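Peer 1: Mind having a look at this structure? Questions to follow.
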Amino acid sequence: MFLALCCGVILYLTTPIVMPQVINVPKGSIKSIITYLNTIENVPPEQFGRFDALVMRFVGTPQSGFVDLGVENPTRLEFFKRLSTAKAATREVTLIPGETLYFFLQDVARMYGLDAQKLQESYDAYFHLPEGVIVPETYKLPMGLSEDALMRLLAQISYKWHEESAIKLMGVYDRDKWFYYVAIASIVQKEAANIEEMPIVAAVVFNRLKLGMPLQMDGSLNYGIYSHQKITPERIRNDTNPCNTYKYKGIPPYPCTSASLQAIKAVLEPADVEYLYFVRNKNGTHTFSKTYQEHRDNF
């Protein structure tokens with residue numbers, strides 16, 4: 001009986017489990033860590049149980065933060081050992097609100113010694129929109145990840161953030177509806193001079209939409225490689241990208257840049273104003289107006 005029990009335990013501990021190479025272990029009790037391990041994407045939801053908590057206590061306390069297991073799908077015992085001893089070397093990279101995916105991937109490639117084109121290909125595989133899904137944030141990511149693994153990790157982090165933020169702000173996560181608001185927020189992010197202006201700029205967007213007016217906002221044309229370029233009349237006339245809000249009415253089909261939580265909140269709670277126009281002042285902020293004549297007088 002005892003021998004059979006020992007054989008069963010050995011078999012249990014030496015059987016491979018389903019686990020990605022890099023995981024982000026939260027701080028907390030062993031029980032909470034077990035719960036987290038069962039919620040990792042593409043991992044069986046009941047892979048770990050009470051016996052694993054006992055093994056974890058025996059082997060050693062798990063580390064928090066990014067942990068590089070060194071291999072995918074290790075044996076159960078190997079996993080617990082590495083969970084308590086292996087920790088990934090990390091570097092920080094920041095996606096600034098209003099910045100585009102193109103420049104973010106250039107930064108990631110430089111910081112982590114990766115190929116920007118392969119990063120883009122992996123992005124296309126894991127994200128449903130060409131822009132605006134990765135959350136503008138400072139990421140402390142492990143070194144040694146492949147382009148595919150890094151993008152997969154950013155997708156997991158970003159989509160979780162979007163879902164949690166939508167539920168917190170709207171009570172429900174309707175992906176298409178949420179990213180419609182993110183698309184508006186990406187324009188607000190580029191146009192507003194500061195956080196205080198964001199609800200007013202958002203109101204201008206909605207007021208123009210109600211009247212069927214084109215948005216005609218330069219910030220929407222700061223997409224992709226044009227993120228830091230001044231908008232010219234030639235670009236406005238000839239650019240056929242859907243982010244050209246001079247050429248196309250309505251909201252672009254996807255965010256044109258990254259958008260902060262403050263910009264999204266401003267879109268969900270725009271100011272109660274009737275403004276349709278705004279122009280930048282010498283001090284960098286904007287003067288808002290209701291009529292075109294007022295707008296012209298403000299130049």
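Peer 1: Looking at the chain, which Cys residues are left with no other cysteine's beta carbon under 4.7 Å from theirs?
Peer 2: Flagged as lacking a Cys partner: Cys6, Cys7.
Peer 1: If the elastic network links every pair of Cα atoms under 10 Å, which of Pro44, Pro233, Pro136 fluctuates the most in the Gaussian network model of the chain?
Peer 2: Pro233
Peer 1: How far is helix 147-170 tilted, in degrees, relative to the longest principal axis of the Cα atoms in the chain, given as a value from 0 to 90 rounded to the nearest 10?
Peer 2: 70 degrees
Peer 1: Just how far, in whole angstrom, is the stretch 46-102 from the stretch 144-170 if you go by their alpha carbon centroids?
Peer 2: 16 Å
Peer 1: Give me the net charge of Arg50's neighbourhood, meaning all other residues with Cβ under 13 Å from the Cβ of Arg50; Lys, Arg count +1, Asp, Glu -1. Provide the component values of the computation, followed by the final result.
Peer 2: Working: positive: Lys31, Arg57; negative: Glu46, Asp52.
Value of the local net charge: 0.
Peer 1: Counting only other residues whose beta carbon sits under 12 Å from that of Thr39, what net charge do I get with K and R as +1, D and E as -1? Before the final figure, lay out each step's value.
Peer 2: On the way: positive: Lys160; negative: Glu41, Glu46.
Overall, the nearby charge balance is -1.
Peer 1: Another one. Listing Met217, Met170 from the residue with the fewest other Cβ atoms within 10 Å to the one with the most, what is the order? List each step's numbers first, then the result.
Peer 2: Details: Met217 23, Met170 13.
With the fewest neighbours first, Met217, Met170 line up as Met170, Met217.
Peer 1: Which whole number in µm²/s is D for the chain by Stokes-Einstein, with the Kirkwood Rh taken over Cα pairs at 4 °C and 1.567 mPa s? Please report the intermediate quantities before stating the final value.
Peer 2: On the way: Rh = 21.9 Å.
D, rounded to a whole number, is 59 µm²/s.
Peer 1: Taking only the alpha-carbon positions of the stretch 78-197 and ignoring solvent, what does the Debye formula give for the base-10 log of I(q)/I(0) at q = 0.14, 0.23 Å⁻¹?
Peer 2: At q = 0.14, 0.23 Å⁻¹ the computed log10 ratios are -0.68, -1.37.
Peer 1: Rounded to the nearest 10 degrees, what's the angle between the helix 50-59 long axis and the longest principal axis of the chain, both from Cα atoms, 0 to 90?
Peer 2: 80 degrees
Peer 1: Calculate the dipole size of the stretch 2-85 relative to its Cα centre from +1 charges on Lys and Arg beta carbons and -1 charges on Asp and Glu beta carbons; express the result in debye to the nearest 20.
Peer 2: Numbers: 7 positive and 6 negative charges, 67 e Å.
In debye, rounded to 20, the stretch 2-85 gives about 320.
Peer 1: While we're looking at this one, here's another question. Run the quick spin-label model on Thr90 and Glu46: label points 7 Å from Cα toward the beta carbon, then report their separation in nm to one decimal.
Peer 2: Placing both labels 7 Å along Cα→Cβ, they lie 3.3 nm apart.
Peer 1: Report the residues of the stretch 82-112 in range of a label on Met143: point 7 Å along Cα→C-beta, backbone N strictly under 15 Å from it.
Peer 2: 87-93, 109-112
Peer 1: Only helical DSSP H runs with n ≥ 4 go in: add -39500 (n - 2.57) per run for the chain, normalise by residue count and round the 222 nm mean residue ellipticity to 500 deg cm²/dmol.
Peer 2: Numbers: 12 runs with 139 residues, N = 299.
Result for the chain, helices only: -14500 deg cm²/dmol.
Peer 1: Moving on to the next point. About its Cα centre, how strong a charge dipole does the chain have in debye, to the nearest 20, once Lys and Arg get +1 and Asp and Glu get -1 at the Cβ? Don't skip to the end; give the middle numbers.
Peer 2: On the way: 30 positive and 31 negative charges, 72 e Å.
Dipole size: approximately 340 debye.
Peer 1: Same structure, new question: Express in nm, to one decimal, how much length is gained between Tyr126 and Thr240 on full extension, taking 0.36 nm for each residue of separation and deducting their alpha carbon distance. Mind dumping the intermediate values first?
Peer 2: Values: separation 114, 0.36 × 114 = 41.04 nm, distance 2.59 nm.
Going from the current span to full extension adds 38.4 nm.
Peer 1: What angle, in degrees between 0 and 90 and rounded to the nearest 10, separates the Cα long axis of helix 116-126 from the longest principal axis of the Cα atoms of the chain?
Peer 2: With both axes taken from Cα atoms, the answer is about 80 degrees.
Peer 1: Just going by the charge dipole of the stretch 89-299, with Lys and Arg at +1 and Asp and Glu at -1 on Cβ, which of Ile157, Ala185, Leu145 is farthest out on the positive end?
Peer 2: Ala185
Peer 1: Moving on. Could you pull out every one of the aspartates and glutamates with an alpha carbon less than 18 Å from that of Lys247, ignoring same-chain neighbours closer than 8 positions?
Peer 2: Within reach: Glu191, Asp218, Glu234, Asp239.
Peer 1: Hey, if you put +1 on the Cβ of every Lys and Arg and -1 on every Asp and Glu Cβ in the chain, which of Ala203, Phe66, Val273 ends up farthest toward the positive end of that dipole?
Peer 2: Phe66
Every number in this text was worked out from the coordinates using simple rules, so none of it is lab data. Just so it is clear, the structure is predicted and the values come from calculations on it, not from any experiment. Heads up, the Cβs are rebuilt from the backbone with ideal geometry, glycines too, and the neighbour counts pull from every protein chain shown.
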